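All of the numbers you see were taken from the coordinates with simple rules; none came from a lab. For clarity, every value in this text was computed on a predicted model and none was experimentally measured. Quick reminder, even Gly has a Cβ in these numbers, built from the backbone with ideal geometry, and neighbours come from all protein chains shown.
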Amino acid sequence: MKKEKEKIEKPGCLYEMFKAYVRFFHDKIYYKKTYVVNPEAVPAEGIPCLVVSNHQNCMNDPLGLVTSFHDRKLHVITRADVFMVSPVADKFLRSIGLLPAFRLDYEGEGALGKNAETFRASEQALIDGKTLLMYPEAGHQDKRWLGTFSFGYTKMAFEAAELGNFEKEVFILPACNHYSHYFGMRNRMLVKFGTPISIQPYYELYKTKPRTAQREVNKLVREQISSLMLDIRDLEHYNDIDFIRTTYGEDYAKAKGIDPNDLPERLLADKELVARMDEAYKSDDADKASAMASAYDLACLVRQGIAEHGITDEHLKKEVNPIALGFKLLMLLVFLPLWIFSWWPSMLVYWIPMSIFKAKMKDPMFEGTLLFGSAVLFTLPLFSLITLLVVGINSGWLSALVYVALFPLIMLFCWKYAQCGKKTLQTLKCLLQPKAIDPLKRMRKDLHALLKRVLK
């Protein structure tokens, strides 16, 4: 058991330095703003705690949770395939607290036996007072709903308690990740903790009916995670509901006196909006139910029109101001030389690696992980080292250090310029294609009027 425990011991100073480096790019560069809600719910260090969360955005989910733990190491049990990239990747991932979980659907039945070592080490770490993270949905999806839970996490919690002769209290801490948008940089991310659930009251039941005890604990955990997150359960109308949430949700939040850019408050408003839509659609009032169904149909038309014309909902909110558009085009022209200057390091650090990865990427949810991981963990350190040596030798080490220190800002400017250029060209398209865009604007206006009437 000693050998197994060594795999998940706290690494110390090196890990803390690496974590601080990752947290900086995660909280300050990749995301526009990050939120941690109810961090005081996390049990004190030394208390056995198993964090259980929803899983909607690949490795961005554990990154968000890991960086939210400032004073302790969070050990993460994650999909085994990321460990199989190379022996170096396997060693590195284990060193930062990740442990592999093999899945029947992906690694095959033969690989499941390898989980025994991971689970034994994890159970020992848990009863020793470590903090672990698991995702009972097993896989991730880009949908704001809670999938089916496996009982692996409850099994681990109870077996850890059994390993300690049921003398220690083991807690399961429900948590959720929430995003303003799944894809791309400079969005907002939220980590929200629930109320810790002690499994101690179920020890006696577990001794005689282990599956029943696991089932009851799982019910409590799942219900709490569902209450923390935005859980859209009407999958038939999911795309239309989520679109209404984005296009009408801002007005709905403002009407309630909520800042729509405050993600924790916006989450609460969105949950209420989705609940009211679901209530209206299932209402005994035939007129109300029919009106809500019409809203879904209208949302579908607007959503499809937006996708067809390659624009966003933002372009339908108001009429295009030709003067403002002209000024934006002028500013893009003025800053073009600076963008060209910033392009080449951004190209080497991000664009080229991402182009290579995207060509082989089957799951779009890996985009954010690859964007963050390839740049922050590989290309940026490598490019910085090379630049530091080249510029330092030729122009002095102070100049080299200043230049390398500015890399994050340079790449951020490059990305911001590209996004601004894209949005400006989309706005220009709206101005030049009024016959195609104006009907969408009218439908959007009709949709908002219908929702306001139905949900009043």
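Consider the candidate values (1) 37, 29, 23; (2) 50, 29, 18; (3) 40, 34, 17; state which one is semi-axes √(5λ) of the Cα gyration tensor in Å computed from the structure displayed.
Matching the structure shown: (3).
Residue by residue through the stretch 172-183, what is 3J(HN,Hα) from phi via Karplus (6.51 cos²θ - 1.76 cosθ + 1.60, θ = phi - 60°)? Round to whole Hz and write x for glycine and proline.
Each residue of the stretch 172-183 in turn: 10, 9, x, 8, 9, 9, 9, 10, 5, 8, 6, 9 Hz.
7 Å from Cα along Cα→Cβ at both residue 233 and residue 38: what's the point-to-point distance in nm?
1.9
Round to a whole angstrom and tell me the spacing of the C-alpha centers of the stretch 128-167 and the stretch 377-456.
Cα centroid to Cα centroid, the span is 38 Å.
Taking a ≥ b ≥ c as the square roots of the eigenvalues of the Cα gyration tensor of the stretch 39-170, is the shape rounded (a/c under 1.5), prolate (a/b larger than b/c) or oblate?
On the way: a/c = 1.39, a/b = 1.22, b/c = 1.14.
Verdict is rounded for the stretch 39-170.
I'd like to verify something in the chain: which complete DSSP H helices, judged by Cα projection on the helix axis, reach 30 Å or more and average at least -0.5 on the Kyte-Doolittle scale?
Working: long enough: 286-309 (35 Å, 0.18); 407-432 (37 Å, 0.61).
Span-like helices here: 286-309, 407-432.
Would you mind computing, in nm to one decimal, how far apart the modelled labels at residue 335 and residue 117 are, each placed 7 Å from Cα along Cα→Cβ?
That separation, rounded to one decimal, is 5.1 nm.
About the Cα centre, and with charges only on the beta carbon of Lys, Arg (+1) and Asp, Glu (-1), how big is the dipole of the chain? Nearest 20 debye, please. Each step should come with its number before you reach the end.
Working: 60 positive and 52 negative charges, 217 e Å.
Charge dipole of the chain: 1040 debye, to the nearest 20.
Report, for the stretch 2-228, the % of DSSP beta bridges that are antiparallel, rounded to 5. Don't skip to the end; give the middle numbers.
On the way: 7 of 29 bridges.
In the stretch 2-228, DSSP labels about 25 percent of beta bridges as antiparallel.
Under 5 Å between amide hydrogens, which residues at least 5 positions from residue 79 or on another chain qualify, with H placed 1.01 Å from N in the peptide plane?
For residue 79, the qualifying residues are 101.
Run the numbers for residue 95 and residue 71: contour at 0.36 nm per residue of separation, minus the present Cα-Cα distance, in nm.
Values: separation 24, 0.36 × 24 = 8.64 nm, distance 1.74 nm.
Additional length available on full extension: 6.9 nm.
Restricting the count to DSSP beta bridges whose residues both fall in the chain, what percent are antiparallel, rounded to a multiple of 5?
Numbers: 7 of 29 bridges.
That works out to approximately 25 percent antiparallel.
Let's see if you can work this out: charge +1 on each Lys and Arg Cβ, -1 on each Asp and Glu Cβ, no other charges. What is the dipole magnitude of the stretch 235-309 about its Cα centre, in debye to the nearest 20? Mind showing how you got there, number by number?
Values: 9 positive and 17 negative charges, 21 e Å.
Value, rounded to 20: 100 debye.
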